[in-house]
Structures are given as C-alpha cells and as structure tokens.
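What follows is a set of notes on a single structure, which appears directly below.
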C-alpha cells in the first residue's frame, strides 16, 4: 500500500504522514521533511511522538485510541495544533486527519500545513487592530463612523466627551442627532449626491461647521470626512475637533494684540523686532533699561550696536542663511549669548528668537533677558556642587578606610550590613611587648609618632598581601584574611605578612641606640568567624568567635620577635615552613590547643641554609597549595 502510493504526494506543498495503530510512522513525503526537518530515512519507523510536543502526547494517545475503537471525534476535521521540529522548537500547524482500514490493518493519515506565517500575520493584524482601537479611544478628537443610512456604527471616547452621548446611547441612532436641524437637508443631500455620482464634494477636505451637543447647545467644529466601501456598501467616517477655543481666540485677536502691545511696553525683558537688513523696528521699555539706548536713539539704527563685535559676523551669517534656506538654526530656541550696553560693558543674556512674514517680507523678533544675576547664582551653585562632590569623595574615601570595599558598598546602597559567617579565616594579632614601660619613658608625641610609623608600615604590608585590617587598640594590631572575600591562600598570606612586620620592627629598632627596645609579638589562628558592622555612628567592621579569641590568646602567650601559630594554621601551611612546638594554651569550654613557633622557611623551599629567604620552589609550592594569585604575587615581591 505504501509503495504504490500516488506519486503526486511527493510534489504537494503540504506534509503527508501515515501512521499505524501503534503510532509508528509508515509514510513521510518530501514536504514533511521540509516542515519538520527529519529526512525520510531518519523518521520512518519512529513514533509519531517525535514530531509532537511533549505536552500533547497524552491528548494524541487518547485521540488515537478512540479512533482505533471507532470513535472519530477529530477525523475529517481541520485542527490547529503545534508541531515539534527536529531542532527542538515548536511551531503552529493546521492538521486534517483521516483513517482507513484494509487487509493490512487500520491506518491514520494526516495532511499538515505549516501556518507560522499566517499566525504571525494574524498576530500582527490583531496588534494593529488593538493599537488602532487604543489610539481611537485615547484620541482627544471625536472619531465617528456611519453607514449610508446615517446610522452610527462607531463612537470613541473623544466623541462622548465632545457631544455628551455615551456609546450605548448613540450606536444605531441617526447621526442627525449631533447635527443642528438647519443643516439636516444639507447633510442628507450631500450623502445622496455622493452615493449617486461618486463625486466627493467634501470628502477628504476639512470644513468648519456646527455641532449639536446632547444638552442642546451648538458649538463650532472642524470636520474631516473620509469614505470606504465593503462590497457595494458605502461607509463614512469623520474626525471632529471642537474649535470653540480657536474661534474665541480669533474673535479676541484684536483685543489680544492691543493687550500684547501694552504688555510688551511694561515687560521687564527686552522685546525687540528688526527687519531683514538689521534695522530696529520696535524697542520696548525693558530694552531701554537693559541696553541704555532710548527708543528715539535706536529705532532705525542697526541691531549690531547691542551685539559685541566678535559675534556680529555670526549674526549676519545667520540672518543670510535663514533668508536663503528658510532653515531656522536658532529660531524658536533659547540661547545664551552676550549683549553690549551703551556704555560699552558686556553682560550675559538669554535670547529667544522668532520670525514672521508680512506678505513675502520676513521679520525677526527677540525676547531678551539679562541673566547676570542667574549666572552669578549658577556660579555659586557650581562651587557648592563641586564642594559637595569633594566632600562626598572624602566621605567615600573615609568609609573605605574604615570598612572593606564590599561592606562599604553594601552599607551605602542598603543602609545595613547583614552579619555573615566565614569559614577558613586566618586571624593575626600583634602587640608590642612591654609597651606600657616604653610609653612611660617617651614623650607623648614621640611615642605616638613611633607607633604611627609601625602601624603605617603594617598597613602597607597587609595591603600587599590583600589582608583586611580589622582594628587597632592601643599598641595592638589586628588583621585577617578570608573576610569579607574568600581567599584560599589566606594562611600563607598572613604568615608572609607577619614575617615582614617582624622585619620592619627589627630594622627600625636596630637604628635606635637609646631607650627601651620595641619587640613585636604575633599570634595567628585559622578557623570560623562571624563578621559584621557594629555601631550606627562610629561604626566599625569587626569579627567575632572562638577562633578570634584563640588567636588573641596565642599572641598573649607568645614570645617577643616570634610568630606563633595554632595547629589549624600549621596544617594549612604544609611544608613551607619549619615549626617548633612551643606548648599549648587553654581555652575555657574548648580545652587545650597546641601552639607552634615558626622558625624559618623549610630548607626545601629556601634560598639559603638558614631558611631566611624563600626560593622559587616556595613560589611553586604556594601556587600548588593555595592556587591563590595574591600569594604568588606577594612572594615575588617578598623575594
């Protein structure tokens, strides 16, 4: 049956598919290949579900089961469903189903048409209709359509507002309800004449007539008519605008001009008109006050006398360009330029230009405002703005000196900082041994200066290793790595920073020949902490937890000039350093913790036998251990 199918199916533009009662595809014509993307050799023998979107599988199964049982709900009908392309996208199709039974069994056939373009066109049409409806309803003008028998077919919101009738009241009624009675015959005769002759006397034109409101009052309207046909039936539409205000304006134009002249004379702004040859034609009292020339002095003179010499060429070129091209470069705009007073001083002005014609002769007018005071205020405001910007920059810089950048950003944009738990944070505590004795022997200024020197150097060091300074209390300095940003190499970074901090103190102390020696004690621990911002005025970023307390305890029990670390920190340092077990510290409710002193760099990663300098092997070991860019960069600087 399949082999002997009529050859015409191979040339039809519609997809033709045949399946059996098991949903296996038996026939697949070339159009189906084009529609669904599957070649004949790929699809024959596959289930029909291959081209059916998953959400329709169950519906197909139920329908095919019913049809197999002889219940033909969809057979012989044309349905709109969706198909599934080989590439995975869905598309709309039109499906006509058929079924037949012969000696080989029962089969189902489908003729399928891809209707994507039609659906797209329908969607565009619907959108267009909706937009047109929305435009019509939102239009301020009345938009009305009628049939040739004068019955109203459409009535927008503008018509309701203009004539007082709601859509329910007017649809199906005669349009004569909104036409004054004296114009009824004229309207009816015009309709009949157009229907009989096809000659539009008013169609396509805008005419001024009178409209009749629901409450009985007449008002002037501007009407633009159009017509169209549907078959042999003619329809008419009108766009109607209430021109009551315009008519009033026209009636009052003379009065308005007289008032305008009075206003011009009393205006504080200068109002000047000139001819195309620059001759001054009018000059109000505001111009007298602004430029110093009386009306008698200036009328008939060139306007150039009030224009600074450096701008006169531009003025003349602008006039000539407009006269030649009619393209207004500055007409209708407000520009800031300079004016020239009779006594010779210049001052800033705001100029608005306009032009009009009397016959074929162009004229120009300018409204001019002295903006000297405004410019002065603007200058002062600009100074204030710059000052505020500077203050804000200083404020931002100060906040960044107090808080980590990430935390400062969160505080600035949300007004709060949510406390966070951080794992694998390495904390460093340091203080100077016997600081109280040192302080008692030094002048306050010298003491603070010396301490400030060390803390500034410490700040540089932790910046190099990308550590986060937490706080200083007296002679104690606290920093950490792993907050607020994760840093897998934090333990190595902190130890390297500690080594440099010890070197700085020893180097500075070596230069002192008198007084007590400054000796630094450092304790380091790695563990979990809670971090956040405390306070609402003098707020600080701080960290809390047993790991912090243990680091402080290790530092307090440490030795001068030494770096002591906890067991957790030692584990994270691998074989990069040599350690010496120093003992243990006791933490309440936590027990005993081993403490180790860092002796030097491990011989395997040191440049000398003493272990005082890291080698390139140290760099590679750090990279392998931590995979941390900050550590590798810092090691190269340390070397």
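Table for the structure above
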quantity	calculated
Sorted peptide list for 438-447, 27-36, criterion being average Cβ within 10 angstrom, highest first	27-36, 438-447
Length-normalised contact order for the chain - Cα pairs under 8 Å, 6+ apart - percent	6
Highest-first arrangement of 368-376, 539-547, where packing means the average Cβ count within 10 Å	539-547, 368-376
Stretch gain in nm, segment residue 215-residue 599, where the contour uses 0.36 nm per residue and the Cα spacing is subtracted	127.8 nm
With Cα atoms, 0 to 90° folded angle of helix 490-510 axis to the chain main axis	50
FRET efficiency for residue 346 and residue 456, using Cβ-Cβ distance with R0 set to 35 Å, rounded to 0.05	0.05
Cα-based helix-to-principal-axis angle, 309-325 vs the chain, degrees rounded to 10	40
Peptides ranked, highest mean first, by Cβ atoms within 10 Å: ranges 289-297, 234-242	234-242, 289-297
Computed E for residue 581/residue 503 - FRET, C-beta separation, R0 22 angstrom, nearest 0.05	0.35
Rounded FRET efficiency, nearest 0.05, which uses the C-beta distance separating residue 295 from residue 315 and R0 of 22 Å	0.55
Cα→Cβ-extended label distance, 7 Å offset, between residue 338 and residue 123, nm	6.1
For the range 7-119: rounded, prolate or oblate by the Cα gyration tensor [a/c cutoff 1.5]	rounded
Fewest-first sequence of 283, 228 by Cβ atoms within 10 Å of each Cβ	228, 283
Virtual spin-label span in nm between residue 193 and residue 277, 7 Å along Cα→Cβ	5.1
Structure-derived P(r) over Cα pairs in 20 Å bins from 0, in percent - corresponding label in (i) 16, 36, 25, 10, 7, 4, 1, 0, 0; (ii) 19, 49, 25, 6, 0; (iii) 12, 17, 16, 27, 23, 4, 0	(iii)
With Cα atoms, 0 to 90° folded angle of helix 629-638 axis to the chain main axis	40
165, 72 arranged by Cβ crowding within 10 Å, fewest neighbours leading	72, 165
Contact order normalised by residue count of the range 7-119, Cα under 8 Å, 6+ apart, percent	26
Inter-site label distance for residue 56 and residue 157 at 7 Å from Cα along Cβ, in nm	3.9
Residue-averaged [θ]222 nm for the chain, counting only DSSP H segments that reach four residues, each worth -39500 (n - 2.57)	-12000 deg cm²/dmol
Segment residue 392-residue 22, length gained on full extension (0.36 nm per residue, minus Cα span)	125.6 nm
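Read-outs throughout are calculated quantities, based only on the coordinates presented, and are distinct from any laboratory measurement. Keep in mind it's a predicted model, so treat the numbers as computed, not measured. Quick reminder, even Gly has a Cβ in these numbers, built from the backbone with ideal geometry, and neighbours come from all protein chains shown.
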